[in-house]
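Have a look at the structure below, then the notes.
The values are calculated or read from the model by the stated rules, or taken from the named source; none is laboratory data. The structure displayed is predicted, hence computed values, not measured ones. As a convention, Cβ positions derive from the backbone with ideal geometry for all residues, glycine included, and neighbour counts pool all protein chains shown. For the accessible areas, the whole protein counts, side chains as well, though only heavy atoms, and no ligand, DNA or RNA atoms are used. Shrake-Rupley method; radii C 1.70, N 1.55, O 1.52, S 1.80 Å.
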Amino acid sequence: MAPFEIMGVVNVTPDSFSDGGRLADAAAAVRHAHRLVEEGAAIVDVGGESTRPGAAPVSVQEELRRVVGVVEGIAALGLPARISVDTMKLEVARAAVDAGASYVNDVTAFRHEPELAGLVADRGLDCCLMHMLGEPRTMQDEPRYDDVVSDVKAFLEERLAAAVAAGIPERSVHLDPGIGFGKTLEHNLELLRRLGEIAAIGRPVVLGTSRKSFIGRITGRDVGARVHGTVATCVIGFERGARVFRVHDVAPVLDGLSVAAATFGPDVR
Ligand code: HH2
């Protein structure tokens, strides 16, 4: 098994925080996915609803319109990568799976639509369950925890148990601490430092730090110039036990992770 997997981000949204609008046209999104796989992505994550802080929800119809054609287009290329759909909606996930997706990335961990777990179970899909405090519209309004790492870990254990109770085999579940989703700069750094406690749950940990604002707070860089900071977070995350890296910039992250994996080996904790 590869020591890590890169999940390349394909946002088909007019308003995503780092690449919004650029891939609004489906053909451009398919070409972008192709490039990410050529650069080394093992998974491409197609999302039609921005979850950036303050983002407004998108209707089912609009999300279907944005996502399904792109998933179909990527599937038609027959790339050596799996297609993930980044959605919290059952109907969107079902259509994306019918179009060729085999992985559901739900930032609400099946809390928005619990029936989504049934789809994952019935169709034998893999999934990512992510921690988020509150909802995107309000999540950055003074987030508070007793202890951020213990709270996130308890949440992920509870959602993993709920997924298994819905019929999803444990081996099909990845867990994600949800960097930036209802977290301050210090919360994000504490999660990175103590990521081993999340990895100790025993499921592969997904890390989504790519270009996020906490990197901008540290480096003073705008969103388009956070790639070096992103690579640093991925290398730190790998050393602390993360195994799937959701990023916009696949090639530089692959280099960083290759060096980290050669140094620490696949079994570091
Ligand atoms: N972050 C974003 C979206 N989906 N999924 C997982 N599992 N983990 C993450 O950290 C994560 C995610 C937000 O980033 P992005 O897709 O770049 O922006 P937007 O939500 O504005 O489209």
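What the table below lists for this structure:
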| item | result |
| --- | --- |
| Accessible solvent surface per residue of the stretch 5-263, calculated while the other protein chains remain in place, 1.4 angstrom probe, Å² | 40 |
| Extended-chain gain in nm, criterion 0.36 nm per residue less alpha-carbon gap, Glu186 and Glu91 | 30.6 nm |
| Against the rule of thumb 2.2 N^0.38 Å, how large the Cα Rg of the stretch 68-157 comes out | 1.25 |
| 15 Å tail of the calculated P(r), the stretch 118-177, as % of Cα pairs | 55 |
| Integer Hz, Karplus 6.51/-1.76/1.60 couplings in order for the stretch 48-64, x for Gly and Pro | x, 9, 5, 10, 5, x, x, 5, 8, x, 10, 6, 4, 4, 5, 5, 4 |
| Amide H within-cut-off set for Leu79, under 5 Å, with H built and near neighbours excluded | none |
| Other-chain or far-sequence residues with amide H under 5 Å of Cys128's (modelled H) | Val104, Asn105, Asp106, His174 |
| Sorted largest first, extent of the chain alpha carbons per principal axis (Å) | 39, 39, 38 |
| Ala154-Arg137 pseudo-label distance in nm [points 7 Å out on the Cα-to-Cβ vector] | 2.8 |
| Under 5 Å, built H, 5+ apart or other chain: amide partners of Glu5 | Val244, Phe245 |
| Under the Karplus curve 6.51 cos²θ - 1.76 cosθ + 1.60, θ = phi - 60°, whole-Hz ³J(HN,Hα) for the stretch 222-230, x wherever Gly or Pro sits | 5, 4, x, 10, 9, 5, 5, x, 5 |
| Heavy-atom accessible surface of the chain: percent carbon and sulfur, 1.4 Å | 52 |
| Note, ³J(HN,Hα) from phi for the stretch 248-259, Karplus 6.51, -1.76, 1.60, rounded to Hz, x at Gly and Pro | 7, 10, 6, 4, x, 5, 4, 4, x, 5, 5, 5 |
